[in-house]
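Report on the following structure.
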Amino acid sequence: MELRQLKYFVAAAKSLNFSTAAKSLNITQSTLSQQIKQLENELGDDLFYRTSHEVTLTESGSALLPYAIKTVSDADNCRQRVDDIKSISSGSLNIGVTYSFGQILIETIFNFTKLYPGIKLSIYYKTMEELSEMLQKRELDFFLAFRPAENSRDIEHQVLFNNSLAAIMRYGHPLAQKESVTFSDLEPYTFVMPSKGLQARNTFDEIFRYEERRLKVNIEINEVNMLLKLVESSNLLSILSESTIHNYTDLKAVPINSPQNEMQGCIHFLKNDYRKHSAVEFIKMLRESDTVKKYCMIG
């Protein structure tokens, strides 16, 4: 049984399409089929059901898949460890971000790429659920998001800074002069809110579930930049984390007066998993950035 065969098997099992898997591996479909057939012969059982219409895993294929994924991942980690020992001069770093954290990353991205131009950075904007799934599939090295209500068995959360939900408004809004606001202050105004499923909305629904009915929500959007543009150009309000509007000079975050209104910005890793030197260095630079220090002082 060869590592290459397991890698081919994993690719085919994930896509359940030999043509797609072969393209992702940069090999011919006949090569893929041949290698998987050799693996099946060695194991003495079929790993796939193949018909003219579809490909599915057999019982043996389903049993093998988690072990094959771990073996391929462990081999990749071995190679990565050797590369890391040599230097942080090449390789890749895959970072996930929920929408509230986009602005917080910008300073560190610029500084990191100046120091380590050979590292390819890939940034993924997704929901908390999507990022958790990507991390567990090892498609990410880590991701940034607020701490979820329930801890995961497989994911470790390291606190980066403290934050809170706030009423977001343009500086010319009638409430912009207030130090903080209550829900009674917010009731007369119309809101544009992030769609359900985005982390800021999930947090709001969890903390203020009994207050939500008091707000006039006329618009829901799953794209935060568009939401903020609407707030900038009108008297619409929104409720987001304070950190969301970092670098937005025309917007103000006014804290909501509530003892429960606290959130922890966290770095999320797989538990007991290898961490690239480049990931460790990026996180160190992020913790030392002026942006994060600002929110540490606020917290």
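Things worth noting here:
- Ellipticity at 222 nm from helices only: DSSP H runs of n ≥ 4 in the chain, each -39500 (n - 2.57), divided by the residue count, give -13500 deg cm²/dmol.
- Spatially proximal lysines relative to LYS114 (Cα-Cα < 20 Å; intrachain offsets below 8 disregarded): LYS86, LYS276, LYS284
- The DSSP beta bridges internal to the chain are antiparallel in roughly 55% of cases.
- Dividing the convex hull volume of the alpha-carbon atoms in the chain by its residue count gives 170 Å³ per residue.
- For the pair the range 1-61 and the range 131-166, the centres of their Cα atoms are 33 angstrom apart.
- For the range 166-258, the C-alpha radius of gyration sits at 0.96 times the compact-globule guess of 2.2 N^0.38 Å, with N the residue count.
- Estimated dipole of the chain in Debye, rounded to 20 [Cβ of Lys and Arg +1, of Asp and Glu -1, Cα centre]: 560
- Taken over the range 242-283, the convex hull of the Cα atoms encloses 98 Å³ per residue.
- Mean separation of Cα contacts under 8 Å (6+ apart) over length of the range 165-261, as relative contact order %: 51
- Near LEU39, once Lys and Arg are set to +1 and Asp and Glu to -1 for all other residues with Cβ below 15 Å from its Cβ, the sum equals -1.
- As a length-normalised measure over Cα pairs under 8 Å and 6 or more apart, the relative contact order of the chain settles at 22 percent.
- When the pairs LYS70/LYS120; LYS178/LYS252; LYS14/LYS137 are compared against a 19 Å limit on Cα-Cα distance, LYS70/LYS120 fall above it.
- Based on alpha carbons, the Rg and Dmax found for the range 3-76 are 11.3, 35 Å.
Here, each number is a calculation from the coordinates, and none is a lab measurement. All of these numbers come straight from a predicted model, not from anything done at the bench. Glycine also receives a Cβ, built like all others from the backbone with ideal geometry; neighbour counts cover every protein chain displayed.
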